[in-house]
Amino acid sequence: MDTLQSLQWRPPKPNYLPHDVDVDEPIVDVYKAPIPMDKASDRENAEYYAHMKRMAHEYNITRPKGYTVSYHFNPDMEPHHFGLTHPMKPFRLTLTKSLVTAYGMNFAMDNYNTRIATYQELNSFHTSDYLDYLHMAPPEEMPRDIDNPDKEVKFNLGGSDCPLFHGLYDYCSMSAGSSLDAARKICNKQSDIAIAWGGGLHHAKKSEASGFCYINDIVLAILQLLRCYPRVLYIDIDVHHGDGVEEAFYSTDRVMTCSFHKFAPDVFFPGTGGLDDNGPKSEHNPGAHHAINVPLNDGITDEQYGHLFQSIIGKINEKFRPSVIALQCGADSLAGDRLGRFNLQVQGHGACAKFCKTFGIPMIMFGGGGYTPRNVARAWAYETSVAIDIDEKINKIIPDHTPWRKHFVQEELFPSLEQILGDPRVNRNSQKRLQEIIQHVHEQLRFVNAAPSVQQQVIPPDLAGIRDDVEDRLKEESEERDEGLRRDREEGLGIGGEF
């Protein structure tokens, strides 16, 4: 067979993609040569740094008053490649970073270049057998189920859903490392809002990869939070159900999960998360009524989504009284996503983060799904601006000096639905149905004991990563990388009242 022909797009295995997509409208673009990821020269870096400083001064971008925001990332995640036709593109992290820094937002946050998670840290949730296989399995150029859809794959690794690509274990460890670092900064009171856009992989199970997710960094982060906080509220605004996190905390009343997602079990992954799926059926199980699911149909709008979100999350906060929030900001719920079919815009998506922020409790903001990289970057950059309280300040036109600016297509930070889709998706969410969902959730919350008590001597095991010698070494390395930080502070950059 001709090599080029063998690499053409084929109808996907129906385990994670929509089933109603026409074959002549491929989910992913025909593969093109990757964008060069060469390091910039010292001169280019200096020029770009000057642009960032100018933007920070021009729009008065300063550290928020009264709280600290931290940004956790590992740039080595960005060059990884899932495969020729796979929807997941780690390059979206590069575009996100380009927008965040182009606006000068980095000056308003504590920025951490995170280490990878250790085997022991991953093992705090995932089984040894699974981790060993994930670590040792050799990369494969083509998914095993391309020519034989019925071919079995161990731990669901190696198929078109979760391929074995080059550097897979390192990629997973980097993602988990960013989320764990965010959780530790929250636990250590070094941060009030921690951002980890490289995390949010909510489908991974204890012993199985699923839905492009191999390591459930969210579960690892929540386990860390539970060492210091009695109650964690997990909120998921990805277009897919947050099944992996719900399953991990299914039988505890210390974690409440709430997922807003498309629900079409016969045609849309993962097929779970119905309105009546509210945790264990036995009232004697502490996790009963602690899994809230909000099933939606195609075409939901910003206004509908915002009303739902505030009505439900507001009531959960009132009843459950969380001490910390873990917010998964999957961007595949945006209009124009290759897998999602909602009509949400960047502003509507970001409004969820803005509402959660009003509770005034610590929060981690994770990444998640999102398969149109330019839209993902817009959403996560905007939500970063929400976290540092500059969302009303920044220019709504993407700065000219933004790296890879042409990949955003439209110059607006908030393109209209017409620009994104042409014609909006048909809205299949009636107001009557949405009101029924709100009433059902409020009824479920009647059975939740307000602010469940916690025996503080029963806490999750340590994740084997907080050691003084390691933290001291990492601090020294960070100081060496950021030796220019002192000069920035002396000139008042990023500090309110200095302009």
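Once the 1.4 Å probe is applied to the protein heavy atoms, the stretch 245-370 comes out at 30 Å² accessible per residue. Between beta-carbons, use under 9 Å as the cut-off and find the net charge around V448, counting Lys and Arg +1, Asp and Glu -1. Neighbour charge sum, excluding V448 itself: +1. Computed with a 1.4 Å probe on the full set of protein chains, the accessible area for K154 sits at about 110 Å². Here's the picture: a label point sits 7 Å out from the Cα of V267 along the beta-carbon direction, and within the stretch 419-441 the residues with their amide nitrogen under 16 Å of it are 425-429.
In order along the stretch 393-398, phi translates into HN-Hα couplings of 8, 6, 5, 7, 9, 4 Hz, rounded to whole numbers, per the Karplus curve 6.51 cos²θ - 1.76 cosθ + 1.60 with θ = phi - 60° and x for Gly and Pro. Here each label is just a point 7 Å from Cα along the line to Cβ, and for L275 and N449 those points are 2.9 nm apart. Electrostatic tally near E247: other residues with Cβ closer than 13 Å to its Cβ, Lys and Arg +1, Asp and Glu -1, net -3.
Count Lys and Arg as plus one, Asp and Glu as minus one, and take only other residues whose Cβ is under 11 Å from that of F82; the net charge is then 0. The charge dipole of the stretch 111-203, taken about the Cα centre with unit charges on the Cβ atoms of Lys, Arg (+1) and Asp, Glu (-1), comes to about 580 debye, rounded to the nearest 20.
Among the GluC sites (Glu not before Pro) in the stretch 112-200, those located in a DSSP loop and surrounded by at most 12 other Cβ atoms within 10 Å of their own Cβ are E141, E152. In sequence order, the stretch 428-434 has phi-based couplings of 9, 10, 6, 4, 4, 5, 5 Hz under the Karplus curve 6.51 cos²θ - 1.76 cosθ + 1.60, θ = phi - 60°, and Gly or Pro positions carry x. Ranked from largest to smallest solvent-accessible area, with a 1.4 Å probe on the protein heavy atoms, R227, R433, R428, R321 come out as R428, R321, R433, R227. Computed from the C-beta positions of L421 and L84, the FRET efficiency with R₀ = 41 Å rounds to 0.95. Rolling a 1.4 Å probe over the protein heavy atoms leaves F342 with an accessible area of roughly 0 Å². In this entry, the stretch 305-445 is assigned a mean projected area of 9.3 nm², taken as a quarter of its C-alpha convex hull surface.
Per-residue surface analysis assigns C228 an accessible area of about 70 Å², computed on protein heavy atoms at 1.4 Å probe radius. In the stretch 45-115, with Lys and Arg counted as +1 and Asp and Glu as -1 at Cβ, which of these residues, F91, T62, H51, has the Cα nearest the positive end of the dipole, that is, farthest along it? So the residue we want is T62. Taken over the alpha carbons of the stretch 396-435 as equal point scatterers, the Debye sum produces base-10 log I(q)/I(0) values at 0.15, 0.31, 0.32 Å⁻¹ of -0.54, -1.02, -1.05. Rolling a 1.4 Å probe over the heavy atoms of the protein chains gives the stretch 156-207 an accessible area of 21 Å² per residue. Once the Kirkwood radius over Cα pairs is known for the stretch 62-190, the Stokes-Einstein relation at 25 °C and 0.890 mPa s delivers a diffusion coefficient of 147 µm²/s. The fraction of accessible area contributed by carbon and sulfur in the stretch 181-316 is 48 percent, rounded to a whole number (1.4 Å probe; ligands and nucleic acids excluded).
The values are calculated or read from the model by the stated rules, or taken from the named source; none is laboratory data. Computed from a predicted model, the values in this text were never measured in an experiment. For neighbour counting, all protein chains shown are included, and Cβ atoms are generated from backbone atoms with ideal geometry for every residue, glycine included. SASA here: full protein model, heavy atoms, side chains in, ligands and nucleic acids out. Shrake-Rupley method; radii C 1.70, N 1.55, O 1.52, S 1.80 Å.
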